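The values are calculated or read from the model by the stated rules, or taken from the named source; none is laboratory data. This structure is a prediction, so every number in the text was calculated from the model and none was measured. Here the Cβ positions follow ideal geometry from the backbone for every residue, glycine too, while neighbour counts run over all protein chains shown.
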Amino acid sequence: MDLQHSTVLITGGSSGIGLEMVRQLTQIGANIIITGRDPDKLKETKKQFPAIHIFQNDVSNSQNIAELYADATRQFPELNILINNAGEMRLLDLQDTSNSLENMTREIDINLSGTIQMVHQFLPHLIKQHSAAIVNVSSGIAFMPFSVAPVYSASKAGVRAYTQALRLQLKGTNVKVFEMIPPGIKTNLQKDWVISTDTKSSMTMEVDKMVEVTIKGIQQDRPELKPFLITVIKWLSRITPGTLINFGHQQFEKFKQLNVQSNRSAK
Ligand SMILES: NC(=O)c1ccc[n+]([C@@H]2O[C@H](COP(=O)([O-])OP(=O)(O)OC[C@H]3O[C@@H](n4cnc5c(N)ncnc54)[C@H](OP(=O)(O)O)[C@@H]3O)[C@@H](O)[C@H]2O)c1
């Protein structure tokens, strides 16, 4: 897939993986459009990369998606790559009754429904392009639920299943379907967590390396954009499924203790 002559829309392009994609795609020469909810973060990104185009937008709001589609395709009719990257990840104790019913599904609304609705909205436009692609961002957690982030885990397993089905349905069209599968990466995703993340762990990766793997994979038309670490996780999740899940579950015990403490001190 040619990136240099593409117009790429990245949801959540103002931080972390999305921001690094902006940096690397700018070097390649792609035309870049980014979205996000926080206008200050968008403006800051535009200051850093003046050639990009910014749209304030929330992917969990279907009206916002319809407006984005109308504005972006009117201004950039050549738009041919959609990267569904926007996401959130919360640590949740499922016995904590302070979470409202509505708030419980937040990651499903953003990570999964947001991705599905963006694809539904932009697909008729992409199909008309000479060469087009959809990149959905899942996670290594799609192979091994992380018990401390149960709704996030469900959302990413859903993104993976949906992306595989989408790829089959779009076979024979000019729209290629990619799944980007990052392992743990230190970004703003973890900024509100009460437990700290170990950035030196063998289960994590630097953001620039992950994006390099992704860009190379898109250029070489590899359906799964993943580092070797994810191949290992995928393999372990098949031969010894309980091992990684139980290892990750230790974080829940830590979270539960710290959460109780922080709730006590907040009172
Ligand atoms: N970091 C990791 O360890 C890791 C591992 C596997 C997969 N991933 C996935 O990679 C993707 C990017 O995450 P990241 O680590 O780069 O996190 P990040 O640094 O927190 O960036 C998330 C981006 O998404 C935007 N965003 C969040 N909710 C949104 C919404 N409802 N509508 C539009 N934009 C929204 C944020 O901007 P606003 O807040 O301004 O909206 C921000 O630009 C996510 O899908 C995440 O699940 C991350």
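Just a few scattered comments:
- Residue in region 200-208 that is touching a residue at least 12 places away in the same chain (Cβ under 8 Å), in a loop (DSSP other than H, G, I, E, B) and surrounded by 12 or more Cβ atoms within 10 Å (Cβ to Cβ) present: yes
- Test for E67: is it acidic (D, E), outside any helix (DSSP H, G or I) and at pLDDT 95 or above: no
- Of all residues in region 25-47, those that are touching a residue at least 24 places away in the same chain (Cβ under 8 Å), within 15 Å of the ligand (Cβ to nearest atom) and either of a type in the set (D, E) or surrounded by fewer than 16 Cβ atoms within 10 Å (Cβ to Cβ) (or both) total 2.
- From the options Q190, Q219, residue that is touching a residue at least 12 places away in the same chain (Cβ under 8 Å), at negative phi and touching a strand residue (DSSP E or B) at 6+ places or on another chain (Cβ under 9 Å): Q190
- Taken over region 104-140, the residue count meeting the criterion of being of a type in the set (G, A, S) and part of a loop (DSSP other than H, G, I, E, B) is 3.
- Of the residues making up region 41-52, none is in contact with a Leu (Cβ under 6 Å, 6 or more places away or on another chain) and either at pLDDT below 95 or not acidic (D, E) (or both).
- Pairs meeting the criteria (first residue in region 123-142 and under 18 Å from E224 (Cα atoms) and away from the ligand (no atom under 16 Å from the Cβ), second residue basic (K, R) and outside any loop (DSSP other than H, G, I, E, B), beta carbons under 8 Å, at least 6 apart or on different chains) are A132/K176; A133/K176.
- Taking (1) in a helix (DSSP H, G or I); (2) within 24 Å of Q117 (Cβ to Cβ); (3) without any contact (Cβ under 8 Å) to a residue 24 or more places away in the chain in turn, P77 satisfies each apart from (1).
- Output for region 146-199, where each listed residue is part of a strand (DSSP E or B) and under 24 Å from F247 (Cα atoms): M180, G184, I185
- With respect to the conditions (1) in contact (Cβ under 8 Å) with a residue 24 or more places away in the chain; (2) under 24 Å from I110 (Cβ atoms); (3) out of contact with any Leu (no Cβ under 7 Å at 6 or more places or on another chain); (4) in a helix (DSSP H, G or I), L229 lacks only one, and its number is (2).
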